[in-house]
Amino acid sequence: MTGAQFKEELIAYSKSIGIDKIGFASSDVFTELKERLIQQQELGYQSGFEEEDIEKRTNPQLLMEGAHTIISIALAYPSKMKDAPRSVKGARRGIFCRASWGVDYHHILRGKLRLLEAFITEKVPEAEVMSMVDTGELSDRAAAERAGIGWSAKNCATITPEFGSYVYLGELLTTVYLPPDTPITDQCGDCTICIDACPTGALVQGGQLDSNKCIAFLTQTKDFLPDQYREKIGNRLYGCDTCQTVCPKNKGKDFHLHQEMEPDPEIAKPLLKPILHMSNREFKEKFGHVSGSWRGKKPIQRNAILALAHFKDESAAGELVQLMNEDPRPVIRGTAAWALGKIGAVNARKHLNAAKEREKDGNVAAEIDKGLNLLENHGIY
């Protein structure tokens, strides 16, 4: 059987197991990507979640000696939620980004890739295979671009002609030679809508992202959120979809092809106040199966506090006072203090002053002062 014949068999099999798009690429060094990553590193634009070794990220041979082919796969996920609950006064809600709707995509894609691995090794017993999703050394987007899945867009997403950028990506490295596909040429043209719409200016220019400014990254951090981004976060609990939702290439793209990706509205758009006092067990039971839970409950709780401040939800004041007074985590105590000032809640000054008298953590004390200053801005003395 020739490489071309085996490729056709693989394509047919991929469709039978629910892979929406598959592409094939050479395992040559990603020279242009290497140059971009070096520049990103020099500019301090990396998030810290990436593989640090640029050589491993750009040279497949370092991951598998004798590798010939990269197989890239894409699965389309929904962009619209059916029966989405409304966020109303007294019952405000947060939102998880679309990539965190449904079951954690890492599990879904790894399952598909394991089936591909088994299919390859059954047909070619001597073949070596290695698959990865998101957390692997290779760049999912660079592999997808070379394999003709889509083009790397100005918003740093991979846009497919069929599904827009609402796709999960994964790849498989193998020693089997399979004829490569032709990359899709860039179709962004002169459009800069995503760059103009980015809430924090994280899209420095087309295709270049300062991760440290990106809301998707900021929602995953565990420390105090920098002051200049607290209002920008809105009611986002995890991730940010702005650069995707404004993209003209995504207009009308909404696919419901995989039941496990369908969002539970009460999880994808949950009430904010119940999140504040969740135990670790309660958090895992409700959110543990979604990708947005991977950093644990602390960032989600901090973001829920910021979202309540965004809504100026006075009904949450009592719970925020309790967090400020009783929570053992400085980030939660301090963020709650700031939020009380932002909301301008009745009697907030009394509670903030009392907390300031007993607070021993310098960072929390500074947040209490910020809260008191915000109250002055509201004309509350």
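Could you say whether any residue in segment 86-93 is under 19 Å from V290 (Cα atoms) and under 24 Å from the mean Cα position of the chain (by Cα)?
Within segment 86-93, one or more residues are under 19 Å from V290 (Cα atoms) and under 24 Å from the mean Cα position of the chain (by Cα).
Got a sec? Which of E50, E9, E65 is outside any loop (DSSP other than H, G, I, E, B) and of a type outside the set (A, V, I, L, M)?
Exactly one of E50, E9, E65 is outside any loop (DSSP other than H, G, I, E, B) and of a type outside the set (A, V, I, L, M), namely E9.
Would you pick out the residues in segment 70-85 that are farther than 25 Å from A144 by Cα and in contact with a Lys or Arg (Cβ under 8 Å, 6 or more places away or on another chain)?
If the condition is that a residue be farther than 25 Å from A144 by Cα and in contact with a Lys or Arg (Cβ under 8 Å, 6 or more places away or on another chain), then M81, A84, P85 are the ones that fit.
Give the residues of segment 33-47 that are farther than 23 Å from I159 by Cα and in a loop (DSSP other than H, G, I, E, B), sorted by residue number.
Selection gives G44 alone.
Conditions (1) in contact with a Ser or Thr (Cβ under 6 Å, 6 or more places away or on another chain); (2) under 30 Å from L272 (Cα atoms); (3) at pLDDT 95 or above; (4) not charged (D, E, K, R), marked per residue:
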position	(1), (2), (3), (4)
E9	no, no, yes, no
S26	no, no, yes, yes
E32	no, no, no, no
I54	no, no, no, yes
S79	no, yes, yes, yes
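Looking at I149, I215, which is the one that is surrounded by 21 or more Cβ atoms within 10 Å (Cβ to Cβ), modelled with pLDDT of 95 or more and within 28 Å of I267 (Cα to Cα)?
One residue alone meets the criteria, I215.
Could you check how many residues of segment 355-376 are under 34 Å from the mean Cα position of the chain (by Cα), surrounded by 11 or more Cβ atoms within 10 Å (Cβ to Cβ) and in a helix (DSSP H, G or I)? Give the derivation first.
Residues of segment 355-376 that are under 34 Å from the mean Cα position of the chain (by Cα), as a first pass: 361-375.
Filter once more, so that each one left must be surrounded by 11 or more Cβ atoms within 10 Å (Cβ to Cβ): 361, 363-375.
Restricting the remaining residues to those that are in a helix (DSSP H, G or I) gives 363-375.
Adding up the residues that qualify gives 13.
Would you mention how many residues in segment 119-146 are crowded, with 19+ Cβ neighbours inside 10 Å and either assigned to a helix (DSSP H, G or I) or in contact with a Phe, Trp or Tyr (Cβ under 9 Å, 6 or more places away or on another chain) (or both)?
Going through segment 119-146 one residue at a time, the tally reaches 11.
How about segment 128-146: which of its residues are in contact with a strand residue (DSSP E or B) (Cβ under 7 Å, 6 or more places away or on another chain) and either modelled with pLDDT under 95 or of a type outside the set (K, R) (or both)?
Within segment 128-146, the first condition is being in contact with a strand residue (DSSP E or B) (Cβ under 7 Å, 6 or more places away or on another chain), and the residues that meet it are 128-133, 138, 140-141, 143-146.
If the condition is that a residue be in contact with a strand residue (DSSP E or B) (Cβ under 7 Å, 6 or more places away or on another chain) and either modelled with pLDDT under 95 or of a type outside the set (K, R) (or both), then E128, V129, M130, S131, M132, V133, L138, D140, R141, A143, A144, E145 are the ones that fit.
Checking G201 against (1) free of Cβ contacts under 8 Å to residues at least 40 places away in the same chain; (2) under 20 Å from A309 (Cα atoms), which test does it fail?
Checking G201 against (1) free of Cβ contacts under 8 Å to residues at least 40 places away in the same chain; (2) under 20 Å from A309 (Cα atoms), the one that fails is (2).
So, in segment 40-70, how many residues would count as being in contact (Cβ under 8 Å) with a residue 60 or more places away in the chain and among the charged types (D, E, K, R)?
The number of residues fulfilling the criteria is 4.
What number goes with the only condition from (1) touching a strand residue (DSSP E or B) at 6+ places or on another chain (Cβ under 9 Å); (2) surrounded by fewer than 23 Cβ atoms within 10 Å (Cβ to Cβ); (3) closer than 25 Å to R295 by Cβ that Y177 does not pass?
Going through the list (1) touching a strand residue (DSSP E or B) at 6+ places or on another chain (Cβ under 9 Å); (2) surrounded by fewer than 23 Cβ atoms within 10 Å (Cβ to Cβ); (3) closer than 25 Å to R295 by Cβ, Y177 breaks only (3).
Of all the helices (runs of 4 or more DSSP H) wholly in segment 224-293, which have at least 3 residues that are buried (at least 18 other Cβ atoms within 10 Å of the Cβ) and either out of contact with any strand residue (DSSP E or B) (no Cβ under 9 Å at 6 or more places or on another chain) or not β-branched (V, I, T) (or both)?
Once the helices (runs of 4 or more DSSP H) in segment 224-293 are filtered for at least 3 residues that are buried (at least 18 other Cβ atoms within 10 Å of the Cβ) and either out of contact with any strand residue (DSSP E or B) (no Cβ under 9 Å at 6 or more places or on another chain) or not β-branched (V, I, T) (or both), what remains is 242-245.
Kindly check whether there is at least one residue in segment 179-198 that is within 21 Å of the chain's Cα centre (by Cα), at pLDDT 95 or above and part of a loop (DSSP other than H, G, I, E, B).
Just the residues of segment 179-198 that are within 21 Å of the chain's Cα centre (by Cα), to begin with: 193-198.
Going one step further and asking which of them are at pLDDT 95 or above, we end up with 193-198.
Retained after the next criterion (residues that are part of a loop (DSSP other than H, G, I, E, B)): 198.
Yes: one or more hits.
What are the residues in segment 201-217 that are within 16 Å of T158 (Cβ to Cβ) and either assigned to a strand (DSSP E or B) or basic (K, R) (or both), if any?
Once the filter is applied, which keeps residues that are within 16 Å of T158 (Cβ to Cβ) and either assigned to a strand (DSSP E or B) or basic (K, R) (or both), segment 201-217 yields L203, Q208, L209.
So that you can scan it fast, the table gives a plain yes or no per residue for (1) in contact with a strand residue (DSSP E or B) (Cβ under 9 Å, 6 or more places away or on another chain); (2) of a type in the set (A, V, I, L, M, F, W, C):
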residue: E9; (1), (2): no, no
residue: I22; (1), (2): yes, yes
residue: L33; (1), (2): no, yes
residue: R36; (1), (2): yes, no
residue: L43; (1), (2): yes, yes
residue: Q46; (1), (2): no, no
residue: D53; (1), (2): no, no
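The values are calculated or read from the model by the stated rules, or taken from the named source; none is laboratory data. What you see is a predicted model, and the numbers here were worked out from it, not measured in a lab. Don't worry about glycine lacking a Cβ; one is built from the backbone with ideal geometry, like all the others, and counts go over all protein chains shown.
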